[in-house]
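Values in this text are rule-based calculations from the coordinates and carry no lab data. Keep in mind it's a predicted model, so treat the numbers as computed, not measured. Every residue, glycine as well, gets a Cβ built from its backbone with ideal geometry; the counts of neighbours run over all protein chains shown.
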């Protein structure tokens, strides 16, 4: 149940949201940024490819939804959400181009699957087919629901990063650790916005459950297949760790999971369960205090501020 004080409020984000610019130095980051786990490194790195295309998709859909938002507080939340997601996408795009690409990764090939999903299957004209006008708002609501389901995952990943992974404390590369922890923290911070928008536009439990029934396996597939594809072009790995058909790949992933470096493949399916509860609301899924604590000390946030002040070049 929602707290009685805001049960009927369209926006259940009780804290201010801010878009924050960031800056990273990618000169020293190794491909295996988790020294304990090349597979774990690939699992998290590949998420950048999904995030770049996915978060630009989120921005497009929420911009289309804005004219239908009648609550001013929620409208402001959605606008800030869009700005945050655009910054996230740009930060990951730069990490791909300035960091991952220099290790010989074919970035166009890595983008291919998510481009098909977000820019073709979930486009205004799905699969290239124009929808009748009477279906367009329902199609918009469906896609807002997809964002809400995806945001359930990003919030859960945020909590994982903030409470379990602690990558830099485990000797992982500082820049990559900060990229994902800062991003995860902001996902926890704005965790209620997409779900609030979904409900505000008329989303109901049946639609929510149906959407997550599709999103959970697709999200899991994207993570697993994307990780394997990065592993497949990593010549430093034995062949037993480069394919889904070999035990070594799964052994290394579950080993990384046991070290709390990355969630297990099973986690990506089971973490959806709360979303199916009729009483679900993302307000309860994360800690704003933990998120803001990290954001306020993120090296990338501080570096951008120093650049703006002319303290560093």
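In terms of other Cβ atoms within 10 Å, 53, 235, 191, 60 run from fewest to most in the order 235, 60, 53, 191. What percentage of all Cα-Cα pairs in the chain are separated by more than 33 Å? That fraction is 23 percent.
Determine the distance separating the Cα centre of segment 229-256 from the Cα centre of segment 114-192; give it in Å without decimals. Cα centroid of segment 229-256 versus Cα centroid of segment 114-192: 25 Å apart.
Secondary-structure-derived ellipticity at 222 nm for the chain, considering helices only, amounts to -19500 deg cm²/dmol, per-run term -39500 (n - 2.57) for DSSP H runs with n ≥ 4. With respect to the chain, whose longest principal axis is taken over its alpha-carbon atoms, helix 107-116 is tilted by about 20°. Seen against the Cα atoms of the chain and their longest principal axis, helix 174-189 is set at about 20 degrees. Measuring r between the beta carbons of residue 68 and residue 276 and using R0 = 25 Å, the FRET efficiency lands at 0.45.
Rounded, prolate or oblate for segment 93-156? Axes are the square roots of the Cα gyration tensor eigenvalues, ordered a ≥ b ≥ c, and the cut-off for rounded is a/c under 1.5. Please list the in-between numbers first.
Values: a/c = 4.11, a/b = 1.79, b/c = 2.30.
Since a/c reaches 1.5 but b/c is at least a/b, the shape of segment 93-156 is classed as oblate.
Please say if segment 208-283 is rounded, prolate or oblate, where rounded means a/c under 1.5 for a ≥ b ≥ c the square roots of the C-alpha gyration tensor eigenvalues, and otherwise the choice is prolate for a/b larger than b/c and oblate otherwise? Verdict is prolate for segment 208-283.
Does anyone have the angle between helix 133-160 and the longest principal axis of the chain? Alpha-carbon axes, 0 to 90°, nearest 10? With both axes taken from Cα atoms, the answer is about 50 degrees. If a/c stays under 1.5 just call it rounded; otherwise compare a/b with b/c (prolate if a/b is bigger, oblate if not). Do that for segment 154-279, with a ≥ b ≥ c from the square roots of the Cα gyration tensor eigenvalues. Because a/c hits 1.5 or more and a/b fails to exceed b/c, segment 154-279 counts as oblate. Take every Cα pair under 8 Å whose residues are at least 6 apart in sequence, average their separation, divide by the length of segment 22-89, and the relative contact order is 33 percent. For 88, 42, the sequence from fewest to most other C-beta atoms within 10 Å is 88, 42.
With a cut-off of 19 Å, note down the residues of segment 169-190 whose backbone N falls inside the zone around a label point 7 Å from the Cα of residue 101 toward its beta carbon. Only 176 fall inside the zone, counting backbone N under 19 Å.
Ranking of 9, 223, 135 by neighbouring Cβ atoms within 10 Å, starting from the fewest: 135, 9, 223. Its relative contact order, with pairs defined as Cα atoms under 8 Å and 6+ residues apart, puts the chain at 29 percent.
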